[in-house]
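Input: a single structure, listed below in structure tokens.
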Amino acid sequence: MSSRTSQTLRAFYDAMYKALGPQHWWPAETPTEVIIGAILTQNTAWRNVERAIENLKRANALDWERLYGLPFEDLAELIRPAGTFNVKARRLKSFIQWFHDRFDLDLDRMFEMPVSSLREELLEVSGIGRETADAILLYAGQMPSFVVDAYTARILYRHNLIDRSADYDEIKELFESNLPDDVQLFNEYHALLVDVGKKHCRPKARCEGCPLERFEHDAERED
């Protein structure tokens with residue numbers, strides 16, 4: 001742990017939280033909905049995921065037993081609004097089959113596992129990448145596993161906290177080794193970074209009004 005890095009990361013959080021307030025993320029009613037949303041949100045806008053989840057709700061299919069027995073074609077049609085629906089239906093089916101075989105569709109049993117062990121197993125499921133696995137752990141399981149995305153990487157790179165070559169796990173480790181293991185902190189921090197990334201730290205930076213503008217940065221740095 002670097003005390004300077006820890007102080008900087010905490011100062012970033014405080015500045016964003018003061019300016020933007022709580023983000024109330026993840027927008028879901030149940031852990032099941034979080035997991036399905038985390039898989040469906042890959043490479044699409046969240047509004048499309050919401051439409052797909054509404055379809056599942058109307059079909060009474062937001063239930064693991066129901067999803068397990070749902071034919072592939074029916075599932076694909078229900079999640080069509082999320083885009084690449086056949087690919088995502090395969091990913092959902094892969095997760096559900098693993099979840100059935102490993103935990104008998106019991107979320108409590110799944111989230112009783114140590115976070116590092118469960119993360120390793122999730123990453124072995126077809127279609128579950130690092131960001132999706134961490135979103136499931138943090139937002140559905142309330143487990144301290146920091147979620148990294150493109151916004152996070154761009155913000156840290158422009159603020160000279162990482163090199164351009166830093167990969168997902170290096171960035172994740174930067175947060176987890178310099179912040180307390182606090183689920184609510186990880187949750188809010190990631191959501192705040194997403195908000196700043198969408199509004200300000202775009203490929204072409206819009207620094208005016210950014211909560212992080214006062215910190216040393218190079219807005220011309222490209223991904």
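Below is a table of values for the structure above.
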{"item": "Listed pairs 18/88; 57/93; 172/199; 88/204; 93/199 exceeding 28 Å between Cα atoms", "result": "18/88; 88/204; 93/199"}
{"item": "Sorted by Cβ neighbour density within 10 Å, fewest at the top, the residues 200, 190, 100", "result": "100, 200, 190"}
{"item": "Two-decimal Rg to Rh for the stretch 31-140 - Kirkwood Rh, Cα set", "result": "0.93"}
{"item": "In Hz, Karplus ³J(HN,Hα) per residue of the stretch 165-170 (6.51, -1.76, 1.60; θ = phi - 60°; x = Gly, Pro)", "result": "7, 4, 9, 3, 5, 5"}
{"item": "The chain: relative contact order as a whole-number percent, Cα under 8 Å and 6+ apart", "result": "24 percent"}
{"item": "Per-residue [θ]222 nm for the chain (sum of -39500 (n - 2.57) over DSSP H runs n ≥ 4, rounded to 500)", "result": "-17500 deg cm²/dmol"}
{"item": "Choice from 116, 177, 165 showing the highest fluctuation, given a GNM over the chain with Cα pairs closer than 10 Å", "result": "165"}
{"item": "Rounded FRET efficiency, nearest 0.05, which uses the C-beta distance separating residue 149 from residue 63 and R0 of 30 Å", "result": "0.55"}
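Values in this text are rule-based calculations from the coordinates and carry no lab data. Only a predicted model underlies this, so the values are computations on that prediction, with no experimental measurement involved. Here the Cβ is made from the backbone with ideal geometry for all residues, glycine too, and neighbour counts use every protein chain on show.
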